[in-house]
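Each value in this text was obtained by applying a stated rule to the coordinates, not by laboratory testing. All values derive from a computational prediction rather than experimental measurement. Here the Cβ is made from the backbone with ideal geometry for all residues, glycine too, and neighbour counts use every protein chain on show.
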Amino acid sequence: MRDMFSEDRERLKELGPGAMDKTARNEAKRARLLKERLANNTALAVLWVAAGITVAALILIILYVVINGAPMISPKFIFTWPHGVSAKGGIWPTIISTLYVTGLAMLIATPVAVLAAVYLAEYAKQGRIVTVIRFAADSLASVPSIVMGLFGLAFFVEAFHLPMSMLSAALALSLLMLPIIMRATEEAIRAVPRYIRWGSYGLGATQWQTVSRVVLPWAMPRIITGLVLAMGRAIGETAVVFYTMGMAINMPLTPLESGRSMAVHLYLLAVDGINLKAAYGTALMLMLMIFLLNMFARYIQRRYRKVR
Amino acid sequence: MTPATVHDSTVYTVPLVAVADETLFFVRNLEFFYGDFHALTNVSLDIHPKAITALIGPSGCGKSTFLRCLDRMNDLIAGTKVEGSVLFSGSDIYGPGVDPVDLRRRVGMIFQQPNPFPQSIYDNVAYGPRLQGIRKKSELDEIVEDSLKRANLWKEVKDILSKNGLAISGGQQQRLCIARVLAVEPDVLLMDEPCSAIDPTSVQKVEDLMAEIKEEVTTIIVTHNMQQAARVSDYTSFFLQEVAGEPAVLVESGKTNDLFTNPQDKRTEDYITGRFG
Amino acid sequence: MSAAYTPQPLTQQTLHPEDEGPFPDLAQTQPRHKTAALTLVSRATQIKERGLLLLFFACAIVAVLGVVLIFAFVAYQASGVFPNIGFLKFITGTKWSVAHSQFGVVPFIVGSVVVTIGALAIGAPLAIMTALFLSEVAGPRARAVIRPAVELLAGIPSVVYGFFGVTVVAPLVARLFGGAGFGPLTAWIVLSIMIVPTIAMLSEDALDSIPMGIREASFAMGATQWQTIYKVVLPAAKIGIIDAVILGMGRAIGETMAVLMIVGNAPQMFAGLTKPIATLTSQIVLGMSYAADDFRTALFGMAALLFLISMCLVLIVRLLSRTGKEG
């Protein structure tokens, strides 16, 4: 039998009121505690360092691109055409081509992806079909972009005789964006509290009425965040665009025209090494675009958090 | 022996050694803040060793908060602040140089929701002993069996010790958590509404085991169930938040029997006769 | 009299045809009224709902169709490998020479594996530790800085990483280790930074999904924070973290532009950390613009290989998650 007080009483009489460690039952235990503290602090310090390295890498890349690219950024660089073998001048048509193809891909991917997510989250019964669809979406998300590029080339361009164009690239890109938007939307829908749905069903609404008037509006901020992130992915995509849109510098008017995206432009400049200045400028513009999209997504999320 | 006393705001100055003989936790003028929110004010309370103390009161009255002050679990919540003194075996647990890790090895805690680790039943119980450096299989086996027996769970799980701790029923999970705590032989067991999320059979078993371990472990139990408090406890303390937004206070505490049969404070009487939620 | 107690059906058309007049016997008619109440929704609405369901289902099937089409087309284009090159020659050949019609892809497979494993060895620990930091250690302020940074890192296009590799990392490697600076070592450095956000964000999701209660329980037993992380949190999140690493691996194997720009692109066996090599992805891009006939077939064969690898990784993740749920 153990009397927890006898020991403490003895100690207290000797030491008077003291800190906890004075009453620790024995020295071995104290040493052990000390060792654990040390291990703990070392491990936590290592975690701090790891996070620090990650942030440092980011800062390094951003600073490097900003410092080298910032002097290039001017209205002239943004709004004029490149000319000559070394692509002097601006990048205006590549900006337009990038926005054009990304917008088009969004138009194609968004309705399909959102409705697919509605099916998975609201309608489908858990079963083999859902498993297959999820697996397919996961696989689609992990298809290497070069494979997607070759597929775009073989399918849209060669089999369907579409020209290397905005449309071919947008179709290929939409396949890339589909799983991203699907997943974001499905998660957003699943995050809608059940009682919100009950409220609607309780008033006699049909499933579609509930989904379209209650669930989707409620989930909208997060869906938009997913859309924005998918857009960022499409803007930066190089390999897919390379094989489906080509690299001719062109100001696209119709979807069947070819063009050169900013990412492809950057790749060509960087590999040739003839006009590194323009490459830095293009890289900075590309990062700025994606940064702005990210900020926009964060802004939406923050507003959404405040409201709900 | 001591009659139920009504707490007032007197500042206590009691010699610590003398206190250590009679009380395990010696709490004086405790104030607690969640950020700007003043949650508890002027709580002074003695917890007697080898007895079961129940903390009762309507929900939101700060009894769980108070309980979490006793093993410094509130440290884990950002922005909390404690004032006043809490002495454990005569030492100020909020004093300089006190290691909450050491404190928590001597003061175990059971939570409202059973929270076994997603590991085997055996590993769950062996977790604490392993933390303290016990590696020998035979020794661990013994501790695991003994703890599960004391937690009234051994018969049900002795053949499935390698099963995941999450795979058993909620009531069994809760008893597993109790076994896990008992395995480190704590001086004190803090129970935060341990029976509010489990089935009646398990409630019975938990109450039985509380009585069985009373000689070794001091138990403090938060419960919203007055019958349970009356059934299991030796001492009872009644907390109340009188006005929403204001800090809660400790209204009255004393021997359970005295407090339930002869409350000194009108508010206690109102509560135990059911005039409060 | 009993009719007074009967709720009036809301629409006539849903009533049973034989139903007539006031209801004589409540007990007998009750089931009928139940059907009436249940089919109150009009036929048109029902059809509309059914139609919408079909539309949604069709959309969901697009994903399946997409994957099947991708594989079918790439595999179709690659099918010439069997008669023209010989599958064994293709998959086990160590010589790649377009001029001599030798299309052995072993050097590229080795290149991909070397680059991927190296990137994982550096990137995965860094990413998991970053995730642990974010989910377990960081205060709200540190988290508010680091989490967006990691997300931003994920958003940077791979061509920018490649550009950074060409202009910064490659010269640095050349200065420190000799050679031209293009090779596996450079690829490791750049790729490891690239996969950190993928692994870190997914691992953090896994860590965040662990209930707070088990951490509290561990702390309440007197575990230090590191003991809690190491003995409770990490084991609980194990499968999620393995998933994250596998998906990061997929990202590294499939990564094209950045790798293309920094591995040196020599179709030869891995011979040293600073000697140029080529990977499956980089070789495809390099050859595609002028490839024809067997050459082109071989490149599509490599693409099919890549597709199969990434499918396998996804499959592994799936199986792992399933066993995780059961175990």
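When the charge dipole of region B:163-215 is built from unit charges on Cβ atoms (+1 for Lys and Arg, -1 for Asp and Glu) and taken about the Cα centre, the candidate among B:Ala211, B:Gly165, B:Ser196 whose Cα reaches farthest toward its positive end is B:Gly165. For chain A, what does the alpha-carbon gyration tensor say about shape, rounded, prolate or oblate, given a ≥ b ≥ c as the root eigenvalues, a/c under 1.5 as rounded, and a/b over b/c as prolate? Because a/c hits 1.5 or more and a/b fails to exceed b/c, chain A counts as oblate.
Taking Cα centre as origin and charging only the Cβ of basic (Lys, Arg, +1) and acidic (Asp, Glu, -1) residues, the dipole magnitude of region B:175-277 rounds to 220 debye. Take each residue in A:268-274, count the other chain C-beta atoms within 10 Å of its C-beta, and the mean is 3.
Taking loop as defined by DSSP and a crowding limit of 14 other beta carbons within 10 Å, which GluC sites (Glu not before Pro) in region B:214-277 fit? Sparse-neighbourhood loop GluC sites (Glu not before Pro): B:Glu215, B:Glu242. Under 5 Å from the amide H of C:Phe103 lie the amide H atoms of C:Ser97, each residue being 5 or more positions distant or on a separate chain, with H modelled from the backbone and absent for Pro and chain starts. Computed over the alpha-carbon pairs of region A:124-258, the distance histogram in 10 Å steps reads 12, 30, 28, 19, 9, 1 percent, short to long.
When peptides A:212-225, A:239-252 are ranked by their average number of other Cβ atoms within 10 Å per residue, the highest-first order is A:239-252, A:212-225.
With neighbour counts taken as other beta-carbon atoms within 10 Å, the residues A:Trp81, C:Trp96, A:Trp92 rank, fewest first, as A:Trp81, A:Trp92, C:Trp96.
Can you pull the mean other chain C-beta count within 10 Å for peptide C:116-126?
Details: counts 0, 0, 0, 0, 0, 0, 0, 1, 0, 2, 6.
For peptide C:116-126, the averaged partner shielding equals 1.
For Cα pairs less than 8 Å apart in space and 6+ apart in sequence, what is the mean separation divided by the residue count of chain A, i.e. the relative contact order in percent? Result for chain A is 24 percent.
Given the options C:Val81, C:Ala149, A:Ala124, identify the residue whose Cα lies farthest towards the positive end of the charge dipole of the protein assembly as shown (+1 on Cβ of Lys, Arg; -1 on Cβ of Asp, Glu). Farthest towards the positive pole: C:Val81. Think of the protein assembly as shown as having a plus end and a minus end, set by charges on the Cβ of Lys, Arg, Asp and Glu; of A:Pro93, B:Thr236, A:Val143, A:Pro93 sits farthest toward the positive end of this dipole.
Under 5 Å from the amide H of B:Met109 lie the amide H atoms of B:Leu190, each residue being 5 or more positions distant or on a separate chain, with H modelled from the backbone and absent for Pro and chain starts. Each Cα pair of the protein assembly as shown feeds into the Kirkwood radius, which the Stokes-Einstein equation turns, at 25 °C and 0.890 mPa s, into a diffusion coefficient of 76 µm²/s.
This model, with +1 at the C-beta of Lys and Arg and -1 at the C-beta of Asp and Glu, gives the protein assembly as shown a dipole about its Cα centre of some 2520 debye.
For A:Lys88, the residues whose modelled amide H falls within less than 5 Å of its own, excluding neighbours fewer than 5 places apart on the same chain, are A:His83. Taking only the C-alpha atoms of chain B, the Rg (one decimal) and the largest Cα-Cα distance, Dmax (whole number), read 18.8, 57 Å. The alpha-carbon atoms of chain C, seen along their principal axes, cover 103, 65, 34 angstrom, with the largest extent given first.
Here the 3J(HN,Hα) profile of region B:87-96, calculated from phi with Karplus coefficients 6.51, -1.76 and 1.60 at θ = phi - 60°, is 9, 10, 6, x, 10, 6, 6, 9, x, x Hz, Gly and Pro shown as x. Taken about its Cα centre, chain B carries a charge dipole of about 720 debye when Lys and Arg each add +1 at the Cβ and Asp and Glu each add -1 at the Cβ. Remark: region A:213-220, residue by residue, has Karplus-estimated 3J(HN,Hα) of 9, 10, 5, 5, x, 5, 7, 3 Hz, where x stands for each Gly or Pro and the curve is 6.51 cos²θ - 1.76 cosθ + 1.60 at θ = phi - 60°.
Over region C:105-218, the pair-distance histogram of Cα-Cα distances with 5 Å bins from zero comes to 2, 11, 16, 19, 17, 13, 9, 6, 4, 2, 1, 0 percent, rounded to whole numbers.
Residue exposure proxy: B:Glu31, A:Glu36, ordered by other Cβ atoms within 10 angstrom of their Cβ from fewest to most, comes out as B:Glu31, A:Glu36. In terms of surrounding Cβ atoms within a 10 Å radius of their Cβ, A:His83, B:His224 rank from fewest to most as A:His83, B:His224.
Sort B:195-202, C:283-290, A:133-140, C:86-93 for me by packing, meaning the mean count of neighbouring Cβ atoms within 10 Å per residue, highest on top.
Answer by packing, highest mean first, reads A:133-140, C:283-290, B:195-202, C:86-93.
Pairwise Cα distances in region C:181-313 exceed 24 Å for 48 percent of all pairs. For the pair C:Ile117 and B:Arg231, label points projected 7 Å from Cα toward Cβ lie 6.2 nm apart.
Centroid-to-centroid, using Cα positions, region A:144-160 and region C:96-129 are 23 Å apart. Volume per residue of the convex hull around the Cα atoms, evaluated for region A:55-147, comes out as 189 Å³.
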